[in-house]
Structures are given as structure tokens and as C-alpha cells.
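A short worksheet on the structure shown next.
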Amino acid sequence: MKPVARLTRLALVASVAAAFGIAQAKDLTIGLIMPMSGPFAAHGKQVKNGIDLYLAEHGDTVAGRKVKLIVKDDTGIAPAVAKRHAQELLVKDKVDVLAGFTLTPNAFSVAPLATQGKVPMVVLNAATSSVTEKSPNIVRVSMTLQQDAAPMARWAWENGVKSAYTLVSDYGPGHDAESAFQSTFKGLGGKIAGEVRTPVNTPDYAPFLQRVLDAKPDAVFFFVPNGEDGVALAKGYKERGLEKAGIKALATGDVTDEEELAAMGDAALGMITSFHYSQAHDSPENKAFVAAYAKAYPKDRPNFQAVAGYDGMHLIYSVLEKTQGDAGVDAFIGAAKGMKWVSPRGPIEIDPQTRDIIQNVYIRKVEKVDGVLQNVEFATYEAVKDPGKAGK
């Protein structure tokens, strides 16, 4: 065969292969924006651990496309930094999917870019209810604070708590937790004995806890960002004598996050929380996840953020399999709506109307299990939707 004829034939074969999808598919590039340094670095570490664990178990190729991760450090509550990273990922790296966003202000700042850039945005933690309303291209696989807080109020009323004081951090998720707890509790007949909002990263909760003690409620409901704030709050609750006064400690589960339980020590014992994930969750899926996590990261304990990273990758893989590799925003969001699977946290679903997560919320108590502090589940509210989007 003459060289010119041979080249012509090869070109024809290549064009036919491309037309029928036989050619090598373009890499699927995911831009991850998370705090990898600074006061919220543990968030990014746990999410990345969950992502890497999923990739180790399922491979780095989906629907014929090799998965490529580009990680950007937003350093913490830094909307301008997150926005700059997103612009670079979209313009320079031409990512197919934006993901991460452990903090609400950062998710808010990037949402318009996801709309303008016509890319899917998978939120792996940021828990303010309105996050998914900031762009039609957002899907959330984590939680909302209202979703976790409302069942706590319901359980409290059903178990003899008639008056409660709320103490929350003064930013979006704290406001959501406060409103959900108060509206649910008052709707059932409960009394709010008082409320206080504290600055984020408060080192000393003593003056705020004294207000609670003076009000003499049956219980106090807490929300603070997981980390050092939760440690300071748990210790302050015991040291200020609220437990001795008979004031029950209720909270959302981020306060007793597995990563912080050791630092809290016995101060956390007996705290009752409502949340969608516990390392101690009793299911085959979670036992397998915890065992794999312990093998991969023997110095760490898996928490809700690790599960969010794991489930975020499950969503992306399942969507790409459903769309046969198409990551275009319309195909991606269309495939994500209504998707269901069994996570290490239990059965979950992406609400087809709101693109938010529907999941079980568990009532737990901090206990020692084989010498280790654990959030032991003892009651379940099934298939909870975000109350902030009721009727939407």
C-alpha cells in the first residue's frame, strides 16, 4: 500500500472511531476546593481521605474516562480565595466538575461561577440550607443544619424536655440550626428559655454558658463548627455546672465529631446529638467502610466529612455511568436528580426537586465502647428532607 493511501485509510479509521465513541475519551477533571491548611484543615483532610478511599476501591476510570483531581486550598473561611481558585480551575484547567466546599461562605462565592461556567458543582459539606438555591448546577451530598437540628427538637419534646435554651455560632449554619430547632420545638409546644449567638472560633464559652445556667431550662441546644469550638464547649458545659444543674446537653452531631471526641474526653460523655453519620453506625456498608478507612488511614477516625467525600465520588461515578461519560451540566444534573444508593451512613437520595440530600437522621449518645468514645445511635428519623425547603 502506498504511504499516502495508508495515511488516508488510517485517518478515515480514526474519524469513524471517534464518531462512534471508540477513540480515547477525554480525562474527567474534577476541581476540588477545600481547606487543606489553616483552622479548618481537618475538614479538607477528611474529605480527601474519603475521595481517595473511593478511588482506591473503584479505580480511577469511569465510563472510559480517566479521573484527574486538582486540589486547591481555600485556607478556611475565605470566599475571595475560593472564588479565585474556581476561576482558575474553570478558565485555565477547564475542569468538568467543581467539588468540595466544606464552608458555606466559600460555596456561596463560587456558585455564580458554576452557573456562568455551565459546570456541575458537588457540595461535600457546606450546610446552610440555601446553598443549593444559589445555582441550578449544585448538587449536595452532605447535609443541612436544619435537616439535622429539627429531629433533635422533636426527640427532645417527645422525651420530656419542655424548655430549651439555644446557643449557636453566629454564621449561616448556626442560624439555620437555631431556626430549625426553635421552630420545631415551639411548634410542638416547647418553650425557648433564651438564645445566644457566639462568634465563630470562640476560645471561651463561659460567659455564654452562664446565661444558660441562669435561665434554668430543661436543656440547652448547641451548634458550633466541629473542631476546637466543640471541645471548648463540651468542657465548658461540665465545668460551669450545667450538667449538675440537670440541664441536658443537646446538639447537632458535628459538635461530637469523631475527630474531636478524644480531645473532649469524658466531658463529652452523655451528650445527646442528632446527625446523619456515626462511625458506630451498625450496617454492613459502614462496617466495610470503617475497616477500609482504618487500614488506609490508621491514625485517623472516619467522620461525616470522610463519608461525604466518599459519597461525592459515588455520585460522580454513578452519574457518568448513567450518562455514558457525558459530564455536561444538563446531563449531569438530570442524572443526579432522584439518584438513590446505600451509603455507609444508610439509605440516601438526591431530592429531584431541590438537588439536596434526603437521609436518615439518628439520635445518638456519647458512650464509651471498648474504651473508645463513640456516638451510639438509639433512635432514627427516616428519610428526612431539608426543612428549609419544605414544600419546594
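Listed values, structure above:
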| quantity | calculated |
| --- | --- |
| Matching residues in the stretch 108-124 - criterion: being in contact (Cβ under 8 Å) with a residue 24 or more places away in the chain and more than 11 Å from the chain's Cα centre (by Cα) | PHE108, SER109, VAL110, ALA111, LEU113, ALA114, GLY117, LYS118, VAL119, PRO120, MET121 |
| Per-region count, the stretch 289-318, residues under 24 Å from VAL67 (Cα atoms) and without any contact (Cβ under 8 Å) to a residue 24 or more places away in the chain | 2 |
| When residues of the stretch 312-357 are limited to those that are of a type in the set (S, T, N, Q) and in contact with a helix residue (DSSP H, G or I) (Cβ under 6 Å, 6 or more places away or on another chain), the one farthest from ALA25 (Cα to Cα) | THR354 |
| Qualifying position, being crowded, with 17+ Cβ neighbours inside 10 Å and over 18 Å from the mean Cα position of the chain (by Cα), among GLU377, GLU367 | GLU377 |
| Among residues of the stretch 356-390, those that are at positive phi and either assigned by TED's automatic domain parsing to the domain that holds MET121 or of a type in the set (Asp, Glu) (or both), counted | 1 |
| Residues (modelled with pLDDT of 95 or more and assigned to a helix (DSSP H, G or I)) located in the stretch 154-178 | ARG154, TRP155, ALA156, TRP157, GLU158, GLU178 |
| Qualifying positions in the stretch 80-107 - in a helix (DSSP H, G or I) and within 15 Å of the chain's Cα centre (by Cα) | THR104, PRO105, ASN106, ALA107 |
| Cross-chain or 6+ apart pairs with Cβ under 8 Å, the stretch 63-88 first and more than 27 Å from LEU53 (Cβ to Cβ), then among the hydrophobic types (A, V, I, L, M, F, W, C) and crowded, with 19+ Cβ neighbours inside 10 Å | PRO79/PHE108; LYS83/VAL110; LYS83/LEU113; GLN87/LEU113 |
| Residues satisfying the stated conditions in the stretch 248-283, i.e. over 13 Å from VAL372 (Cβ atoms) and either free of Cβ contacts under 8 Å to residues at least 12 places away in the same chain or in a loop (DSSP other than H, G, I, E, B) (or both) | ASP257, GLY270, MET271, HIS276, TYR277, HIS281, ASP282, SER283 |
| Test: ASP351 is crowded, with 21+ Cβ neighbours inside 10 Å, within 22 Å of PRO151 (Cβ to Cβ) and acidic (Asp, Glu) | no |
| The stretch 32-78, residues that are over 17 Å from the mean Cα position of the chain (by Cα) and in a strand (DSSP E or B) | THR61, VAL62, ARG65, LYS66, VAL67, LYS68, LEU69, ILE70, VAL71, LYS72, ASP73 |
| Test: ASP229 is in a helix (DSSP H, G or I), touching a residue at least 60 places away in the same chain (Cβ under 8 Å) and acidic (Asp, Glu) | yes |
| Residue in the stretch 185-198 that is over 20 Å from THR273 (Cα atoms), outside any helix (DSSP H, G or I) and of a type in the set (Ser, Thr, Tyr) present | no |
| Subset of the stretch 373-392 that is of a type in the set (A, V, I, L, M, F, W, C) and modelled with pLDDT of 95 or more - its residue that is nearest to ALA156 (Cα to Cα) | ALA379 |
| Residue ID - nearest to ILE77 (Cα to Cα), chosen from residues in the stretch 194-226 that are aliphatic (A, V, I, L, M) and either surrounded by fewer than 20 Cβ atoms within 10 Å (Cβ to Cβ) or without any contact (Cβ under 8 Å) to a residue 24 or more places away in the chain (or both) | VAL200 |
| From LYS134, LYS72, residue being more than 16 Å from ALA41 (Cα to Cα) and either assigned by TED's automatic domain parsing to the domain that holds ALA294 or modelled with pLDDT of 95 or more (or both) | LYS134 |
| Test: GLY230 is assigned by TED's automatic domain parsing to the domain that holds LEU167, buried (at least 22 other Cβ atoms within 10 Å of the Cβ), modelled with pLDDT under 90 and under 29 Å from the mean Cα position of the chain (by Cα) | yes |
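Yes/no per residue for (1) among the basic types (Lys, Arg); (2) buried (at least 19 other Cβ atoms within 10 Å of the Cβ); (3) within 24 Å of VAL307 (Cα to Cα):
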residue	(1), (2), (3)
VAL123	no, yes, yes
ALA126	no, yes, yes
SER130	no, no, yes
ALA149	no, yes, yes
HIS175	no, no, no
GLY187	no, no, no
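The values are calculated or read from the model by the stated rules, or taken from the named source; none is laboratory data. Bear in mind that the values here come from a model prediction, so they are computed numbers and not experimental data. Reconstructed Cβ throughout: ideal geometry from the backbone, glycine too, with neighbour counts over all protein chains shown.
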